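Report on the structure given below.
Since every read-out is calculated from the coordinates, none of them should be taken as a lab result. Everything numeric in this text was worked out from a predicted model, so none of it was measured. Positions of Cβ are backbone-derived with ideal geometry, glycine not excepted, and every protein chain shown enters the neighbour counts.
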Amino acid sequence: MGAGASSGSSRRSRRMVAEINVVPYIDVMLVLLVIFMVTAPLLPPGAIDLPSAGQSNAKTEG
């Protein structure tokens, strides 16, 4: 009886798994998120050139 039970369980373990294990990908994404959250406050803010509110080059049609 013992030999028959062990051969049945080994057949089940030999089957290929058709689904992808996503746990490692989630771990990598969480590590990247933490890295970006830590490094974002350390970056210097960039200069932005905005046009003044009073001057406009576009003509209004009416």
Q: Sort I35, I48 so that the residue with the fewest other Cβ atoms within 10 Å of its own Cβ comes first and the one with the most comes last.
A: I48, I35
Q: Would you kindly derive the ³J(HN,Hα) couplings of the stretch 34-46 from the backbone phi angles with the Karplus curve 6.51 cos²θ - 1.76 cosθ + 1.60 (θ = phi - 60°), listing them in order in whole Hz, with x for Gly and Pro?
A: 5, 4, 5, 5, 7, 7, 4, x, 7, 6, x, x, x
